[in-house]
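Just so you know, all these numbers are worked out from the coordinates, no wet-lab data involved. Note that the coordinates shown come from a computational prediction; the quantities given were computed from them, not determined experimentally. Cβ sites come from the backbone with ideal geometry, for glycine too, and all protein chains shown count toward neighbours.
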Amino acid sequence: MNLNEIDIHKELKKYFGFSQFKGLQEQVIKSLLNKQNTFVIMPTGGGKSLCYQLPALIQEGTAIVVSPLIALMKNQVDAIRSLSSENGVAHVLNSSLTKTEIAQVKKDITSGLTKLLYVAPESLTKEEYVAFLQTVPISFVAIDEAHCISEWGHDFRPEYRNLKHIIKQLGDVPIIGLTATATPKVQEDILKNLDMTDATTFKASFNRPNLYYEVRTKTKNIESDIIRFIKQHKGKSGIIYCLSRKKVEAIAEVLQVNGISAVPYHAGLDAKTRAKHQDMFLMEDVDVVVATIAFGMGIDKPDVRFVIHHDIPKSLESYYQETGRAGRDGGEGHCLAYYSYKDVEKLEKFMSGKPVAEQEIGFALLQEVVAYAETSMSRRRFLLHYFGEEFDDVNGEGADMDDNIRNPKTKVEAIDQVVKL
Ligand code: ADP
Ligand code: MG
């Protein structure tokens, strides 16, 4: 097939039923179809999957998709299969497959039926699989959640470091890396580690104009402060993040006795309770989930109206991801963080048991959070600058949506606050 003759809008409609590309999708897809190494940075929900799914479906050969989570891969494979009449159009290759299943996967790839092959990075290192993949046409390799390759990302996976070496054995195939992690340091790491500094980079804006950012000094009255805040947002959905399971339990209880419908969520609860509490939140049987960071991955509730950080997050990256769960529908989303330097020291102590290199990264990331909490400039500008994005804090979209802009501190107040800490 001559790629110049492909009408990708028609293919988009045919396979996905969408009449328009979202954001930079079209440019990304054209770059990949032109066999260029391509790097995509888009916030969560930006539509990254389609950037490799569509090119895979309309090209000869099989695209290899590397993804860190088995559950995520299974979801995607199911979604792709539902678009096609052939089950073999997408497969997962992992250690849980039987010999018969592996034989079927290989057969479907060899016959040209399989357009997308999802693999976990550790499976891809298997000699046997590499040897097989060398014998079949590969359209391209997609590395989803590419930040896993960087120690500066929030989810470092050492297996991702071997990918470059393996991809090279597959011959001269284009690579597309995708991530929602926007920090320049992580981006640089990704390009270097995948040996694709020549890649064409597509970066979407990370600005969330409907989110209001606020930081309050953490005092011993924090619990009544939170209760007051929630009562001012009566009946609205919200998430409260705490550092420890114990704190999660304690806050959930305090809220309950104050007549607020709230449930706890953390990894110490059994799977059934966790699922129940998550469903209650999604079905609006409760207003508030008090949670550790275990809560939120893959949660897509459009009308979360506030995200409160009872304790400061470990990096601005995490803060952006966690607050990003507010206002997905474009409506109000209030992001409130409580800050005290004592919490910073607590987190630092937490990290002191870790290897030195990890500690250094942890401290550096934490210092950025401190700077964000203490700044008197536009918080949105600060956050976006951290992601390498210039934001015009006068005319930019959402420019007035933060406490520092709405109620600028006088110099005396600002100094006063520093002394108090
Ligand atoms: P990401 O991986 O960037 O977080 P996803 O690939 O999961 O995002 O896509 C997020 C949502 O956007 C999905 O529900 C997907 O179906 C939808 N989507 C993607 N592309 C389009 C499009 N062109 N038109 C409408 N919806 C789209
Ligand atoms: Mg994704």
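In this simple spin-label model, placing a label point 7 Å from the Cα along the Cα-to-Cβ direction at both Met297 and Leu170 gives a separation of 2.3 nm.
On full extension of the chain, what length is gained from Leu69 through Lys35, given 0.36 nm per residue of separation minus the C-alpha to C-alpha distance?
Working: separation 34, 0.36 × 34 = 12.24 nm, distance 2.67 nm.
The span from Leu69 to Lys35 would gain 9.6 nm if fully extended.
Checking every one of the GluC sites (Glu not before Pro) in the stretch 231-293 against DSSP loop status and a limit of 16 other Cβ atoms within 10 Å picks out Glu284. Computed from the Cβ-Cβ distance with R0 of 22 Å, the FRET efficiency linking Ser352 to Lys246 stands at 0.65.
Extension gain, Lys99 to Glu397: 0.36 nm times the residue separation minus the Cα-Cα distance gives 101.8 nm. Annotation note: trypsin sites (Lys or Arg not before Pro) in the stretch 189-263 located in DSSP loop regions with a Cβ neighbour count of at most 10 within 10 Å are Lys220, Lys234. Rounded to the nearest 10 degrees, the angle from helix 184-193 to the longest Cα principal axis of the chain is 20 degrees.
About its Cα centre, the stretch 177-239 has a charge dipole of approximately 640 debye under the convention of +1 per Lys or Arg Cβ and -1 per Asp or Glu Cβ, with nothing else charged. Expressed as a fraction of 2.2 N^0.38 Å, the C-alpha radius of gyration for the chain is 1.06.
Relative to the longest principal axis of the Cα atoms of the chain, the long axis of helix 341-351 makes an angle of roughly 40 degrees. Placing pseudo-labels 7 Å out from each Cα toward the beta carbon at Ser111 and Val257 gives an inter-label distance of 6.6 nm. Annotation note: GluC sites (Glu not before Pro) in the stretch 1-66 located in DSSP loop regions with a Cβ neighbour count of at most 10 within 10 Å are Glu60.
Under 4 °C and 1.567 mPa s, how fast does the stretch 1-140 diffuse according to Stokes-Einstein, given a Kirkwood radius computed over C-alpha pairs? Answer in µm²/s, whole number.
83 µm²/s
Taking a ≥ b ≥ c as the square roots of the eigenvalues of the Cα gyration tensor of the stretch 270-417, is the shape rounded (a/c under 1.5), prolate (a/b larger than b/c) or oblate?
Verdict is oblate for the stretch 270-417.
Placing dummy labels 7 Å off each Cα toward the beta-carbon, the span from Phe363 to Lys342 is 2.3 nm. Rounded to the nearest 500, the helix-only mean residue ellipticity at 222 nm of the chain stands at -12500 deg cm²/dmol, with each DSSP H run of n ≥ 4 adding -39,500 (n - 2.57).
Relative to the dominant Cα principal axis of the chain, helix 245-257 is inclined by about 60°.
Taking the charge dipole of the chain about its Cα centre, with +1 at Lys and Arg Cβ atoms and -1 at Asp and Glu Cβ atoms, the residue from Tyr372, Thr98, Gln76 reaching farthest to the positive side is Thr98.
When only alpha carbons of the stretch 70-142 are considered, Rg and Dmax amount to 11.6, 32 Å. Pairs of Lys residues in the stretch 36-157, spaced 8 or more positions apart or belonging to different chains, with C-alpha separations under 18 angstrom: 9 in total.
Put a plus charge on the Cβ of each Lys and Arg, a minus charge on the Cβ of each Asp and Glu, and nothing anywhere else: the dipole of the stretch 31-113 about its Cα centre is then about 140 debye. A convex hull fitted around the alpha carbon atoms of the stretch 104-232 yields 197 Å³ per residue. If the chain linking Glu284 and Glu11 were pulled fully straight, counting 0.36 nm for each residue of separation and taking away their Cα-Cα distance, it would gain 94.5 nm.
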